[in-house]
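*Asks:* Sharing a structure with you now.
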Amino acid sequence: MLGTINFRSAGLIVTLVAFAVAARAEETIAPENIPGVTRVEAEGLLALAEKTPRLVIIDSRIAMDRKQGYLDGSLSLPDTETSCATLAPLLVTKDRPVLFYCNGEKCGRSVVAVKIAKQCGYTRLYWYRGGFEDWKLKGFPYLKK
Amino acid sequence: MRFTLGATIVLMGLLGLALALATGEIYRHQTLENQRTALEELVQITVDRQLRDLEERARELGLALQSESGFRRALASGKRGELADQLQSQFRQYFVTAGIIKLERLVVYDTGHRALGAASAGSKITGNHTAGCPTLIDQARARAGAERMKPLSALCLNNNQVRYSVLVPAGGLIPIGYLEVMSDPVPALMRIESRLGFPVRIRDSHDRRIFNSGAWPPPNAMHNTLVAEYVLATAAGEPTLKIAVLRDVEVLQQGLAKTRWLVMVLAIAATLLGVILALYILERTTLRPLNNLALQLRRVGRNKDHLGEQVTTGGIAEIRELGEDFNLMARELDRLYGSLEHLAFTDPLTNLPNRARFHDTLEESVRQYTLAHQPFALLLTDLDRFKAVNDSLGHHIGDLLLQEVSTRLRSVLRESDTVARLDNEAILGLEGKMVARLGGDEFAAILPRVSSIDDASAVARKLLLSMQEPFLIRGHAISIGISIGIALYPLHGKDIDTLMQRADAAMYFAKNNQCGLAFPNNMQQKELI
């Protein structure tokens, strides 16, 4: 009788722990895709930049992170300051192509920002999931000023 | 034997030492080689790292330069003069003034990788002549798409000078041209010294000195050092720079030398110990036991009385066996000797001592007198009318008779172990007494410590008495008597011949006068039984 109780309790504990781990992981890893948003990677970003001259690239990181380097031509707008009011002067029209990025897959800022943009009604949304980490790793140029 | 063994061990020791030293030398060589290889690898890794650092900085400089709005404008407009001016002014960027990069040249290209302008430290260059690193441009031209955005770097020879160039895209995410940042890599490579802590020497491909660390020792002080050199080559394989790093291995050499000394000392000590031990073992197990055996042999050789003595040799099994065999032989020889002696000194018929033995005993008795003042009495006797018995009954009966007579005589003497005297001073044990057969029907007796006529007479009378009983031999009853002549030593003679003579004469007197016994000087003393 005592033996079966132990077995059941152990199983319960293991399940709980697994859920907790998964839940925690979900907090720090950006989702694979965001509905209504086109996900791009580094090469895709370059191709996009070439085809879409009106593309606005928004850096959702805080100033301290941005100091480590940023994409040439990107604008700094931390996710904490992102709102319909702050987006409007940068994008002007709702169909302005806009790309958000932050540090990388462990960073949730660009996720937050792009979702806000979507809510504000912007239609041509792009998101660089790999972020600055991926950009730098691949050897693409960045500025530091 | 000792020498052979000792020499063998020393030889083995020397061989061992030679082997150890050879091994040590191989090890030393191997260690140094390993150190050199490790050092070479270290140099290579450090050089690569320095160049990577340089690439990173040059890239940063390049990207910073191309982001200047003035530069972008000039590049977009395509005005070469303006471009050149722009480039020129950039030589004052902080990277350069802070000594992080030794900038040599800046070259700007259009999107087709054609040179638009260049600037060197101090002057601007316009026109078309090759200002940059050709291999770099060739490589750049081969790229397409997103690859063009990635940096490109190359080592090349520009006017026989070694240069390190980095190409960056200019214009942001959509390149409108390229900027080549060409620097002198030597200062960056010089920093290897502070990074590794080892002296550095940099030479060009013709072995001309470019940089020598202050700590680099002069050529005559180069022993105990290890030098590892890395040849930096362009992508095409042309050697450009030879970067050497020096490591002081004196400590290592000293350590190895110390080890070598230690090995030598240990080897010598071990050999000596081995020799001593071996010699000691040899001594105990072989030489000393053999010596024991040899000593015994010599002892026996000097004095045959030692024959028959057993020897314990100890030592190794073979020698112990030898000892046992020796003992066996010694016992055999002793027995043989005894037999020989016995044969030599015994009368075969009667088993009594023979004449030779008798004479020896006589001499010994005289010696005893000289040493210990021990007198003795000599009795000579023969059988009366023995010849007649022999003639009538035959020699065989005669022989048997002699045997019986011997037996009786001997038993009488044996019984007379103590001859009591009136004053109760007993003559204890007539040891050393003997009765011998001199030959034919002659017998003799020696009575030690008998010095008086009375004592000698008493014994003689006993002998005479014993002869009274007839002998029963093969059915014959034979009555036979004896006559005894007695001479006392030293009373009746100071030497053996005299004594014998006088005893003999006394005997004949007794026989002729039929008085049984007689003494020399009192031949008048006759006694009738």
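*Asks:* What are the ³J(HN,Hα) couplings of segment B:41-55, residue after residue, when phi is run through the Karplus curve with 6.51, -1.76, 1.60 and θ = phi - 60°? Round to Hz, x for glycine and proline.
*Replies:* Those phi angles translate into 4, 4, 4, 4, 4, 5, 4, 4, 5, 4, 5, 5, 4, 4, 4 Hz.
*Asks:* Using the Cα gyration tensor of the protein assembly as shown, with a ≥ b ≥ c the square roots of its eigenvalues, what is the shape: rounded (a/c below 1.5), prolate (a/b larger than b/c) or oblate (neither)?
*Replies:* prolate
*Asks:* To the nearest 20 debye, what is the magnitude of the charge dipole of segment A:39-145 about its Cα centre, counting +1 on the Cβ of each Lys and Arg and -1 on the Cβ of each Asp and Glu?
*Replies:* Numbers: 18 positive and 12 negative charges, 25 e Å.
For this selection, approximately 120 debye.
*Asks:* About the Cα centre, and with charges only on the beta carbon of Lys, Arg (+1) and Asp, Glu (-1), how big is the dipole of the protein assembly as shown? Nearest 20 debye, please. List each step's numbers first, then the result.
*Replies:* Working: 79 positive and 73 negative charges, 998 e Å.
I would put it at about 4800 debye.
*Asks:* How high is the FRET efficiency from B:ALA20 to B:TYR337, r the C-beta distance, R0 56 Å, rounded to 0.05? Write down the numbers at each step before the final one.
*Replies:* On the way: r = 60 Å, r/R0 = 1.08.
FRET efficiency, B:ALA20 to B:TYR337: 0.40.
*Asks:* Using only alpha carbon pairs under 8 Å that are at least six residues apart, calculate the relative contact order of segment B:237-337 and give it in whole percent.
*Replies:* 20 percent
*Asks:* Considering amide H positions built from the backbone, and no H for Pro or chain starts, which residues 5 or more places from A:PHE100, or on another chain, come under 5 Å of its amide H?
*Replies:* Here the answer is A:ILE58, A:TYR126, A:TRP127, A:TYR128, since their amide H atoms fall under 5 Å of that of A:PHE100.
*Asks:* Right, something else. Which of the lysines could be linked to B:LYS494 by a straight reach, that is with a Cα gap under 22 Å, when you skip same-chain ones fewer than 8 residues away?
*Replies:* Leaving aside lysines fewer than 8 places away in the same chain, those within reach of B:LYS494 are B:LYS433.
*Asks:* For chain A, modelled as a Gaussian network with Cα springs under 10 Å, which listed residue fluctuates most, A:ARG54, A:ARG109, A:ARG124?
*Replies:* Taking springs between Cα atoms under 10 Å, the residue moving most is A:ARG54.
*Asks:* Most fluctuating residue of A:LEU46, A:LEU77, A:LEU55 in a GNM of chain A with Cα springs under 10 Å: which is it?
*Replies:* A:LEU46
*Asks:* Further question: With a 10 Å Cβ neighbour count serving as the proxy for reagent exposure, in which order, fewest first, do B:GLU363, A:GLU43 appear?
*Replies:* Neighbour counts put them in this order, fewest first: B:GLU363, A:GLU43.
*Asks:* Put +1 on the Cβ of every Lys and Arg and -1 on every Asp and Glu Cβ in segment B:162-229; which of B:PRO175, B:LEU196, B:GLY214 then has its Cα farthest towards the positive end of the dipole?
*Replies:* B:GLY214
*Asks:* If you don't mind, another one. With labels modelled as points extended 7 Å from the Cα through the Cβ direction, what inter-label distance (nm, one decimal) is found for A:THR80 paired with B:LYS79?
*Replies:* Output for this residue pair reads 4.5 nm.
*Asks:* Relative to the longest principal axis of the C-alpha atoms of chain B, give the angle of the C-alpha long axis of helix B:80-89, reported between 0 and 90° and rounded to the nearest 10°.
*Replies:* In chain B, helix B:80-89 runs at an angle near 50 degrees to the longest axis.
*Asks:* Which of the cysteines in chain B are isolated, no other cysteine C-beta under 4.7 Å?
*Replies:* For chain B, the answer is B:CYS515, because their Cβ atoms have no other cysteine Cβ under 4.7 Å.
*Asks:* So for B:LEU371, B:LEU266, fewest C-beta neighbours within 10 Å to most, what's the order? Numbers along the way, then the final one.
*Replies:* Values: B:LEU371 8, B:LEU266 12.
In order of increasing Cβ crowding within 10 Å: B:LEU371, B:LEU266.
*Asks:* Run through the DSSP bridge list for chain B and note the antiparallel percent, rounded to the nearest 5.
*Replies:* 95 percent
*Asks:* A further question on this structure: Only helical DSSP H runs with n ≥ 4 go in: add -39500 (n - 2.57) per run for chain B, normalise by residue count and round the 222 nm mean residue ellipticity to 500 deg cm²/dmol.
*Replies:* On the way: 15 runs with 263 residues, N = 529.
Helix contribution divided over all residues of chain B: -17000 deg cm²/dmol.
*Asks:* Now a separate question. By counting other Cβ atoms within 10 Å of each Cβ, how are A:TRP127, B:TRP261, B:TRP216 ranked from fewest to most?
*Replies:* Working: A:TRP127 25, B:TRP261 10, B:TRP216 20.
Neighbour counts put them in this order, fewest first: B:TRP261, B:TRP216, A:TRP127.
*Asks:* Here's another thing I want to ask about it. Using only the alpha-carbon atoms, how far is helix A:2-28 inclined from the longest principal axis of chain A? Give it as 0 to 90 degrees, nearest 10.
*Replies:* 10 degrees
*Asks:* Compare the Cα positions of B:ALA518, B:ALA436, B:LEU5 along the charge dipole of chain B (+1 at Cβ of Lys, Arg; -1 at Cβ of Asp, Glu; about the Cα centre) and return the one farthest towards the positive end.
*Replies:* Result: B:LEU5, furthest along the dipole toward the positive end.
Since every read-out is calculated from the coordinates, none of them should be taken as a lab result. Bear in mind that the values here come from a model prediction, so they are computed numbers and not experimental data. Reconstructed Cβ throughout: ideal geometry from the backbone, glycine too, with neighbour counts over all protein chains shown.
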